[in-house]
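Asks: My questions will all concern the structure given below.
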Amino acid sequence: MPSKPLNRSLHAAKATKQDEFYTQLSDIEKELRHYTKHFKNKTVLCNCDDPKVSKFFHYFSHNFEKLKLKKLIATCYKNCDADLFSKNKAERGICLEYDGDKSGNRVPDPAKFCVHKFKGDGDFRSEECVKLLKQADIVVTNPPFSLFREYVEQLVKYKKKFLIVGNQNAVSYKEIFDLIKGNEIWLGYTHPVAFVVPDHYEMREARSWRDENGTNWRSFGNACWFTNLDIAKRHEELVLYKTYSRKSYPKYKNYDAIEISKYTDIPGDYEGAMGVPVTFLDHYNPDQFEILGSSRTLARPMSEVAKKGSFSQGGPRFYLSDGEGAYRRMYDRLVIKNKGL
Ligand SMILES: C[S@@+](CC[C@H](N)C(=O)[O-])C[C@H]1O[C@@H](n2cnc3c(N)ncnc32)[C@H](O)[C@@H]1O
């Protein structure tokens, strides 16, 4: 993939809030195939989706009959013209409703799409959009990264089922972490990597390229799906084939838990608290483990337990002794406990 930085003004890029990342159809298909049973007779809302470009809208309109949907609604923020990649310059948004192909050929007929302009801009928090949200059974989209917390908060407030793309770093937001800890939301199956971005987005040195068709792309190492729809993966037991020993599993200096650097190293016979990387969430089965908290909230300040100068400063994290009087700062850790012991 060619990765040639373009000479664009940094100022122009900063002036735009960079929320336009378009999900690929193949990534939607890869994830959605695990959720088929949830959609029968349901109204699906894609509320951050320009129907002209959104592959979410494409997926649901083309699979409307197969999924036995009741209705599909897509709303688009600040864009009602035919411009492929919105700069969100329009004052008003649009709403599109579709209740299936009646001709029997199972191909969505644009003449059957009912389109109307909102009075407002189509913001997912607006009264017009909330009214549609109330009608919906399941919300499926990739919402703006910059409003992720607010977006999830609204879904929870209206008790909606959802499947949305987000950034795994959102797990460190208190609000999102509390939902994960409380088993109200969890991670889906796959990790979309590459997203289409508008032409006016600045090229980056890395993870940014233009393909042979002139389409601009960016890739992320930490995108994932968040959902509250039940999935089989969540009930699969992680096979624990390691045995605990004091030597192999040192305890942190500032919290009573053992360090596990890879989820595959979780010992099957340890009853106490264990610190694991955030990637453990991809394998989390709430019947097997309980999440007690995270290093951000559980770590004691190192100043209370170790001499100044023996550890590197920073926000709350766990520390491990290096055996020579100094302490190594760990990455963020989740703290878990095996429920079966
Ligand atoms: C990450 S993009 C994803 C677009 C589309 N859902 C997809 O996956 O291809 C987020 C979209 O949300 C739109 N957006 C930004 N702020 C919004 C808001 N307040 N309400 C609704 N949509 C918003 C952006 O214009 C952008 O198209």
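The values are calculated or read from the model by the stated rules, or taken from the named source; none is laboratory data. Values in this document were obtained by computation on a predicted structure and should not be read as measured data. With ideal geometry, Cβ positions are generated from the backbone for all residues, glycine too; neighbour counts draw on all protein chains shown. These area figures cover heavy atoms from the full protein model, side chains too; ligands, DNA and RNA do not enter into them. Shrake-Rupley method; radii C 1.70, N 1.55, O 1.52, S 1.80 Å.
Asks: Classify region 28-177 as rounded, prolate or oblate from the Cα gyration tensor: take a ≥ b ≥ c as the square roots of its eigenvalues, call it rounded if a/c is under 1.5, otherwise prolate when a/b beats b/c and oblate if not.
Replies: oblate
Asks: On a full-extension model of 0.36 nm per residue, what is the gain between R328 and K68, subtracting their alpha-carbon distance, rounded to one decimal in nm?
Replies: Values: separation 260, 0.36 × 260 = 93.60 nm, distance 5.42 nm.
88.2 nm is the gain from fully extending R328 to K68.
Asks: In debye to the nearest 20, how big a dipole does region 169-269 give about its Cα centre with +1 on each Lys and Arg Cβ and -1 on each Asp and Glu Cβ?
Replies: Working: 14 positive and 15 negative charges, 104 e Å.
My answer is approximately 500 debye.
Asks: With a cut-off of 11 Å, note down the residues of region 137-154 whose backbone N falls inside the zone around a label point 7 Å from the Cα of L25 toward its beta carbon.
Replies: Answer for region 137-154: none.
Asks: Report the extension gain between E236 and K37 in nm, rounded to one decimal, defined as 0.36 nm multiplied by the number of residues separating them, less their alpha carbon distance. Numbers along the way, then the final one.
Replies: Numbers: separation 199, 0.36 × 199 = 71.64 nm, distance 1.82 nm.
Gain on extension, E236 to K37, equals 69.8 nm.
Asks: If you don't mind, there's one more thing I want to ask. Accessible area per residue, 1.4 Å probe, Å², for the chain: what's the number? Can you show the working numbers first?
Replies: On the way: 17670 Å² over 341 residues.
Computed with neighbouring chains in place, this is 52 Å² per residue.
Asks: Another question, if that's okay. About the Cα centre of the chain, how large is the charge dipole given +1 on each Lys and Arg Cβ and -1 on each Asp and Glu Cβ? Please answer in debye to the nearest 20.
Replies: Values: 56 positive and 45 negative charges, 74 e Å.
Computed about the Cα centre, the dipole is about 360 debye.
Asks: For region 193-327, what does the alpha-carbon gyration tensor say about shape, rounded, prolate or oblate, given a ≥ b ≥ c as the root eigenvalues, a/c under 1.5 as rounded, and a/b over b/c as prolate?
Replies: On the way: a/c = 2.71, a/b = 1.49, b/c = 1.83.
Oblate, because a/c is 1.5 or more while a/b does not exceed b/c.
Asks: Stretched out fully, how many nm does the piece from T264 to T243 gain, at 0.36 nm a residue minus the Cα gap?
Replies: Numbers: separation 21, 0.36 × 21 = 7.56 nm, distance 1.16 nm.
This chain segment gains 6.4 nm when fully extended.
Asks: Then there is this: Heavy atoms of the protein only, probe of 1.4 Å, neighbouring chains included. What is the accessible area of T190 in Å², nearest 10?
Replies: 40 Å²
Asks: A further question on this structure: Within 10 Å, at most 14 other Cβ atoms, and a DSSP state outside H, G, I, E, B define an exposed site. Report the longest part of the chain free of exposed GluC sites (Glu not before Pro). Let's see the in-between values first.
Replies: On the way: sites that count: E91, E184, E205, E212, E236, E237, E271, E324.
The longest such stretch corresponds to 92-183.
Asks: Another one. Which value in deg cm²/dmol, rounded to the nearest 500, describes the helix-derived mean residue ellipticity at 222 nm for the chain, given -39,500 (n - 2.57) per DSSP H run of n ≥ 4 and division by the residue count?
Replies: Values: 8 runs with 57 residues, N = 341.
Mean residue ellipticity at 222 nm (helix-derived): -4000 deg cm²/dmol.
Asks: Next up: Going by a ≥ b ≥ c, the root eigenvalues of the Cα gyration tensor, does region 128-280 fall in the rounded group (a/c under 1.5), the prolate group (a/b larger than b/c) or the oblate group? Could you put the intermediate results ahead of the total?
Replies: Working: a/c = 2.39, a/b = 1.47, b/c = 1.63.
Cα axes put region 128-280 in the oblate bin.
Asks: Now for a different question. With unit charges on the beta carbons (Lys and Arg positive, Asp and Glu negative) and the dipole taken about the Cα centre of region 256-341, which residue among P267, G314, Q288 sits farthest to the positive side?
Replies: Positive-most Cα among the choices belongs to G314.
Asks: In what order, largest first, do D199, D101 sit by accessible area if the probe radius is 1.4 Å? Show your work: numbers first, answer last.
Replies: Details: D199 85, D101 20 Å².
Listed by decreasing accessible area, they come as D199, D101.
Asks: Mind listing which chymotrypsin sites (Phe, Trp or Tyr not before Pro) in region 305-335 are in a DSSP loop and have 15 or fewer other Cβ atoms within 10 Å?
Replies: Working: sites: F311, F318, Y319, Y327, Y331; in loops: F318, Y331.
Of the chymotrypsin sites (Phe, Trp or Tyr not before Pro), the ones in loops of region 305-335 whose Cβ has at most 15 other Cβ atoms within 10 Å are Y331.
Asks: Of all trypsin sites (Lys or Arg not before Pro) in region 304-341, which ones are in loop regions per DSSP and have a Cβ with at most 16 other Cβ atoms within 10 Å?
Replies: On the way: sites: K307, K308, R317, R328, R329, R333, K337, K339; in loops: K307, K308, R317, R333, K339.
Sites meeting the loop and neighbour criteria: K307, K308, K339.
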